[in-house]
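Reviewing the structure listed below.
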Amino acid sequence: MTTLRLKNNLHKAIDKIEDENLLKAVYTILEKQMETNNEYDLTPAQQKELERRLANHQSGKSKTYSWKEVKASLLNRKK
């Protein structure tokens, strides 16, 4: 079963459940998973690189682009 199909089946099953205690139990499991999905474990080297890039951005050393510039650049590549 694909991930998408499994998600769709879970949605349908949850919609049919009327037992509040069961819904709370399922939600508790999902809530814990959502919390851990938002955590990122970076290596010290990755953290250092992010800090370097942030410092460059804040000091104006790195080039930034507006959405309009990015979109124009991408559209020009197709030609």
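Any read-out appearing in this document is the output of simple, stated calculations on the displayed coordinates, not a laboratory observation. Note that this is a predicted model, so its numbers are computed, not measured. Positions of Cβ are backbone-derived with ideal geometry, glycine not excepted, and every protein chain shown enters the neighbour counts.
Here the Karplus relation 6.51 cos²θ - 1.76 cosθ + 1.60, evaluated at θ = phi - 60°, turns the backbone of the range 62-72 into coupling constants of 9, 7, 10, 10, 7, 4, 4, 5, 5, 4, 4 Hz, with x for every Gly and Pro. Going by neighbour counts of Cβ atoms within 10 Å, the residues TYR65, TYR40 line up, fewest first, as TYR40, TYR65. Put in line by how crowded their Cβ is, counting other Cβ atoms within 10 Å and starting with the fewest, GLU49, GLU18 read GLU18, GLU49. The value given for the chain is a Kirkwood hydrodynamic radius of 17.8 Å, derived from the mean inverse Cα-Cα separation. Its alpha carbons give the range 22-68 an Rg and a Dmax of 18.5, 54 Å.
Within a straight-line Cα-Cα reach of under 19 Å, LYS48 can be paired with the following lysines, leaving aside sequence neighbours fewer than 8 residues apart in one chain: LYS61.
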